[in-house]
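Enquirer: Quick one: this structure, given as structure tokens, is what I'll be asking you about.
The values are calculated or read from the model by the stated rules, or taken from the named source; none is laboratory data. Everything numeric here is computed off the predicted structure, so don't read it as measured data. Note that we place each Cβ from the backbone using ideal geometry, even for glycine, and neighbour counts take in every protein chain shown. Quick note on the areas: whole protein, heavy atoms, side chains included, nothing else; ligands and nucleic acids left out. Shrake-Rupley method; radii C 1.70, N 1.55, O 1.52, S 1.80 Å.
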Amino acid sequence: MYREWAPDPRVAGRVACVWSNEATAVTTTGMPQLVVPDGCVDLIWGPRGAQVAGPDTGPKTVWMSPGDRYIGIRFRSGAAGGVFGVPLDSLRDLRVPLSELGPLRELSELAPFTGGAPEPVIDAVQRVLAVRMRTTSEPDPAASAIAEALLAGRSVREVAWDLGLGERQLLRRSLRAFGYGPKTLQRVVRFQRALRLARRGIAAAEVAAASGYADQAHMANEVRRLAGVPLGRLIGQSGDGY
């Protein structure tokens, strides 16, 4: 059973949400949990300990047994800045134990997933993050403009020109902010827009046009490449995390 709630105001500018996912006998019957690319980075506590889930470029599956519980803090796309102490592209497609990331090692000792209400521990985590955010580099101020321009269908060359950057500069800044190069970022944000629209019940052809795909077939191929399943399979899944 997946749910989300708003982050603490101290971190809300850079954290999209706090979430939990707890498995029951019903939810774990049949297919595993599917995690799809969303351009975000998560701090996750679960049965296998505490870890960072880096930005994904393809689908991940998580097998959950009844009683398994995951708690996560999801950073807004492009908003992590220097919080993790390593380049975001070094975390791409990886799940890295927090114990291996020096700046966040103390968070690995907290266990909000083990019994009882998770809110007190999550509050403690957010206090630590608020301090960490004040002492590390801020997110790239151009990150949201980069993502919005790419989502609008602008080419990499056009986005670089609009921001007064060279294409290599844009690549470096995109890798630092998102963990992706701009072309991959464009595919991910376009896919996420299509998923949001499809979940509202909008017809597939309209979703494809509104999301910037050449046509419905183009969308179907891209969704399969990023998620591994058809769009219809994703619509009924609540949440895109663990």
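Enquirer: With the other protein chains left in place, how much accessible area per residue, in square angstrom, belongs to region 155-208 at a 1.4 angstrom probe?
Expert: Accessible area per residue, region 155-208: 54 Å².
Enquirer: Starting with the highest mean, order 83-91, 193-201 by the number of other Cβ atoms within 10 Å, averaged over the residues of each peptide.
Expert: Result, highest mean Cβ count within 10 Å first: 83-91, 193-201.
Enquirer: A further question follows. For region 124-174 and region 58-94, write down the distance between their C-alpha centroids in whole Å.
Expert: Region 124-174 and region 58-94 have Cα centres spaced 18 Å from each other.
Enquirer: Counting alpha carbon pairs within less than 8 Å and at least 6 residues apart, what relative contact order, in whole percent, applies to region 1-104?
Expert: 31 percent
Enquirer: Please check: in the Gaussian network model of the chain (C-alpha springs, under 10 Å), which one of Pro47, Pro37, Pro97 has the largest mean-square fluctuation.
Expert: Pro47
Enquirer: Which whole-number percentage describes the relative contact order of the chain, with Cα contacts under 8 Å and a sequence gap of 6 or more?
Expert: 22 percent
Enquirer: Let me ask another. Which listed residue (Gly58, Pro97, Val86) has the Cα farthest towards the positive end of the charge dipole for the chain, taking +1 on Lys and Arg C-beta and -1 on Asp and Glu C-beta about the Cα centre?
Expert: Towards the positive end, the residue furthest out is Gly58.
Enquirer: Could you check the spin-label model distance between Val128 and Leu34? Points 7 Å from the Cα along Cα→Cβ, value in nm.
Expert: Rounded to a tenth, the inter-label distance reads 3.4 nm.
Enquirer: A follow-up question, please. Set the Förster radius R0 to 35 Å, insert the Cβ-Cβ distance between Tyr2 and Ser137 as r into 1/(1 + (r/R0)^6), and round the FRET efficiency to 0.05.
Expert: Working: r = 32 Å, r/R0 = 0.91.
So the FRET efficiency works out to roughly 0.65.
Enquirer: Dipole size in debye (nearest 20) for the chain around its Cα centre, Lys and Arg Cβ +1, Asp and Glu Cβ -1?
Expert: 340 debye
Enquirer: Of the candidates Val96, Val189, Val41, which one comes out as most mobile in a Gaussian network treatment of the chain with C-alpha springs shorter than 10 Å?
Expert: Val96
Enquirer: Where is the GNM fluctuation largest for the chain (alpha-carbon springs, 10 angstrom cutoff): Ala79, Ala214, Ala50?
Expert: Ala214
Enquirer: Hey, any idea what Rg/Rh is for region 28-173, computing Rh the Kirkwood way over Cα pairs?
Expert: With Rh from the inverse mean 1/r over Cα pairs, Rg/Rh is 1.02.
Enquirer: If each residue of separation counts as 0.36 nm, what is the full-extension length gain between Thr57 and Ala152 once their alpha-carbon separation is subtracted?
Expert: Result: 32.2 nm gained on full extension.
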